[in-house]
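Here's the structure, in structure tokens; my notes come after.
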Amino acid sequence: MASILTNWCDGNTYNVVVQSTGGSCNTTAEVMTAFAAEAWGGQSCWGPTGDQFWCKAGDGCPTTAGIQAFNICGIPYTSATLTVSTTGGNASSPLLYGLMFEDINNSGDGGIHGQLLRNNGFQGSSQSLLAYAAVGSGASISIDTSTALSSAIKSTLKVSVVAGTTGYVGFSNEGYLGVPVNADTYSNYFWMKGAYSGTIILELVGNYSGTVYASKNISVTTSADEFSYFNTSYASTQSPDGSNVWRLRFDASKVSGSAIWFSLPQLFPSTYHGRSNGLRQDVGNFLEAMNPTFLRFPGGNNLEGQTTDTRWKWNETIGPLEDRPGRQGDWGYGNTDALGLMEYLQWCEDMNLAPVLAIWAGYSLGGTSVIGSALTPFVQDALEELEFLFGPTTTALGALRASYGHPEPYDITMVEIGNEDFIPCATYAQRFTPFYNAISAAYPNLTIIASTANSNCLPSPLPAGVWMDIHHYLTPSGFVGSFNEFDNQPRNGHAIFVGEYANTNFDSGAQIYWSNLQGATSEAVYMIGLERNSDIVKMACYAPMFEHFNMAEWSPDLIGLDSRPNSLTGSASYYVQKMFANSKGDTILPVSSSVGFGPLYWVASSTVFGKYYVKLANYGTTAVNVTVNIPTASNVQDAANLESFTGAADAINQPLDVIISPVSTTVIGSAAGGWSFLLPGYGVGVLTVNPA
Ligand code: AHR
């Protein structure tokens, strides 16, 4: 029974249907006209989709008194029939669901990058002995700035030994709040300088228990004149927790009253695709399971620097690690840049991702815009980066790339100029244009992406073919209200890239800590809107992608971990991304329906192999009985697969406590008779109908 809602702006979100004819309800046109006449904050307060209106809690909502002028009839539906057409529709972008990565929350160093020891090159703006401790009585440690490993790694660890000390002493490193120690094979590297000939003991040890999980003795002979490099590996047993350290000890009697120096100690577990200086295998596999199609990197803010000089510099992230100085990242900690330009591209190659390479665009976060002729060296620098990536090996930069192990030019088709250059809007057009002109002249086949879609910030006209990057950090109602954001986007060649989005706040405005079910469902609603428009919306990626749980500057994040075994955790949003990216069709199909959008949202697609997908999100609190008919589908199986999840609106996944993840069920039906199933409130599902 339809009921008249008199107080639908009471801070909650209601989905309401405006009766278009009959009864005592107002027509859509009447309500629209009246809404337009009100100064209620316009789209920030309400949004129409066909015959539906919803009001978002918060600023500018109409007062109860204001809304009582209308008879808006809420008809909560409990069943919906969707009829999918097998003809018509739009081609869907093959790249739609990808990844955005920057080093934030120790997502690179201490996160996806395999190297587990922290502060190993004393990089960043403030140097300290963070993560290190002396081991054994008679040993002390300090940072030595006079015994450089290289012109890039200027500070090294000095281990001094009091005269007369015996036994084995040295130093430990606790990694990123603990070294994850698993039953695995670890690769260990370090540089050492000092007159020493004897045994070095390398160990993985329980910090409090003292349990030794791995131990390896190597014989070394080093001189006081230069650093020597060591490379070894060893097996470890499983630690029950994350409170572990890596330890290096040497024979104190041979260094009595003297010192030895160490630099760039590195410890890697198994890496993704077995790469040296690679990604963690567990994290790589977890991301690969999402079936992403592209990787936007290296930022985000972490591209930009607080100053021009502290921007991410591509040429300082390549080559041997001892030649990479690292930098003070934009999220409050030093970056080693061991995960550098070529490692990002290795990641892309191993995960079959199209790179979206961000180029510094003349703005640093401290507020400086470089414009006019001052920008010329930076445009030149971008061209050199591209020459390094694409140039034949007959060029100096192409040869450099080859000498680092990649003689083939990289397969990169997309370059983004800057990050979020609606800040500062005023200078972006002046900065974008020189980069655009130089890059497109040298590489006319590259797709160039502007870092904003705000026409006030872009050159006018925007050059043909330029894509625009849009970011959204919204409330759940914000995402539901943006469901139709691109329905009327001009199809004029300027495609859309939603380069960052996430539900970050409750409707009340309070910040959420970690993606909950209501937020993830709202993202699913938005993603359904993106997919419906995926002829023009080419790519979309959640951000940020990753956090170390105890080192995060920004939450929520898509996935996270800490040093404990099996702590790698996907948020509710991760599972939405995974479900949607693993069920992407080639063509978006027209659907006719017995109800309007809200609370149920859907998009249907088909693949060239005769598969059909129907993605659904129920943003209401009550279940909807859904029937999907595909009456003209031929040769499809009666047994369809429904992958779905639901739970309490505020349910969240936590490390070692994943409560939201999809389950698969079989739904028996037929193309003509349809497939029927229940989609609970705050539920997300994908129905897959397979070819016979
Ligand atoms: O994703 C976190 C930050 O949000 C990004 O670094 C920046 O682009 C945006 O403001």
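Dipole size in debye (nearest 20) for the range 132-270 around its Cα centre, Lys and Arg Cβ +1, Asp and Glu Cβ -1?
Approximately 180 debye in magnitude.
Which of D337, D330 comes first, and how do the rest follow, when ranked by fewest Cβ neighbours within 10 Å?
Ordered by Cβ neighbours within 10 Å, fewest first: D330, D337.
Going down the list K216/K313; K158/K216; K154/K216, which pairs span over 31 Å between their C-alpha atoms?
With Cα atoms farther than 31 Å apart: K216/K313.
All other residues with a Cβ under 11 Å from the Cβ of M579 taken together, and with Lys, Arg as +1 and Asp, Glu as -1, what is their net charge?
After counting each charged neighbour, the total is +2.
Tilt of helix 425-442 relative to the longest C-alpha principal axis of the chain, in degrees (0 to 90, nearest 10)?
70
Taking the beta-carbon count within 10 Å as an exposure proxy, list D225, D421 from fewest neighbours to most.
Final ranking by Cβ density, sparse to dense: D225, D421.
Tell me the net charge near G284. Cut-off is 13 Å between Cβ atoms, G284 excluded, with +1 for each Lys or Arg and -1 for each Asp or Glu.
Value of the local net charge: -3.
What 222 nm value per residue comes from the helices of the chain, counting each DSSP H run with n ≥ 4 as -39,500 (n - 2.57) and dividing by all residues, nearest 500 deg cm²/dmol?
Dividing the helical sum by the residues of the chain leaves -4500 deg cm²/dmol.
Could you please report the charge total around Q115, scoring K, R as +1 and D, E as -1 over all other residues with beta-carbon less than 10 angstrom from its beta-carbon?
+1
Relative to the longest principal axis of the C-alpha atoms of the chain, give the angle of the C-alpha long axis of helix 572-581, reported between 0 and 90° and rounded to the nearest 10°.
Here the helix axis deviates by roughly 70 degrees.
For the range 132-270, build the charge dipole from Cβ charges (+1 Lys, Arg; -1 Asp, Glu) around the Cα centre, then report which of A195, T211, A183 sits farthest towards its positive end.
Of the candidates, A195 comes out farthest on the positive side.
At most 12 other Cβ atoms within 10 Å and a DSSP loop assignment: could you name the GluC sites (Glu not before Pro) in the range 173-246 that fit?
Counting only loop positions with at most 12 other Cβ atoms within 10 Å, the GluC sites (Glu not before Pro) in the range 173-246 are E226.
Can you tell which of V159, S137, S563 lies farthest toward the positive end of the dipole of the chain, using +1 and -1 charges on the Cβ of basic and acidic side chains (Lys, Arg; Asp, Glu)?
Toward the positive end, the furthest listed residue is S137.
How would you rank T222, T368, going from fewest to most other Cβ atoms within 10 Å of each one's own Cβ?
Least to most surrounded, the residues fall as T368, T222.
Apply 1/(1 + (r/R0)^6) to the Cβ-Cβ distance of A374 and T607, taking R0 = 45 Å, and write down the FRET efficiency to the nearest 0.05.
The calculated FRET efficiency here is 0.35.
Could you go through the range 683-692 in sequence order and give the Karplus-derived ³J(HN,Hα) for each residue, using 6.51 cos²θ - 1.76 cosθ + 1.60 with θ = phi - 60°, rounded to whole Hz, and x for Gly and Pro?
The phi angles translate into x, 10, x, 9, 8, 10, 10, 9, x, 5 Hz.
If you put +1 on each Lys and Arg Cβ and -1 on each Asp and Glu Cβ, how big is the dipole of the chain around its Cα centre, in Debye rounded to 20?
In total the dipole reaches around 680 debye.
Which whole-Hz couplings ³J(HN,Hα) result when phi for each residue of the range 390-396 is put into the Karplus expression 6.51 cos²θ - 1.76 cosθ + 1.60, θ = phi - 60°, listed in order with x for Gly and Pro?
10, x, x, 6, 7, 8, 4
Placing +1 on the Cβ of each Lys and Arg and -1 on the Cβ of each Asp and Glu in the range 365-485, which of I470, F390, Y404 has its Cα farthest towards the positive end of the resulting dipole?
Checked the options; the winner is I470.
Each value in this text was obtained by applying a stated rule to the coordinates, not by laboratory testing. It should be emphasised that the depicted structure is a prediction, and the values quoted were computed from it without experimental measurement. Glycine gets a Cβ as well: all are built from the backbone with ideal geometry, and neighbour counts include every protein chain shown.
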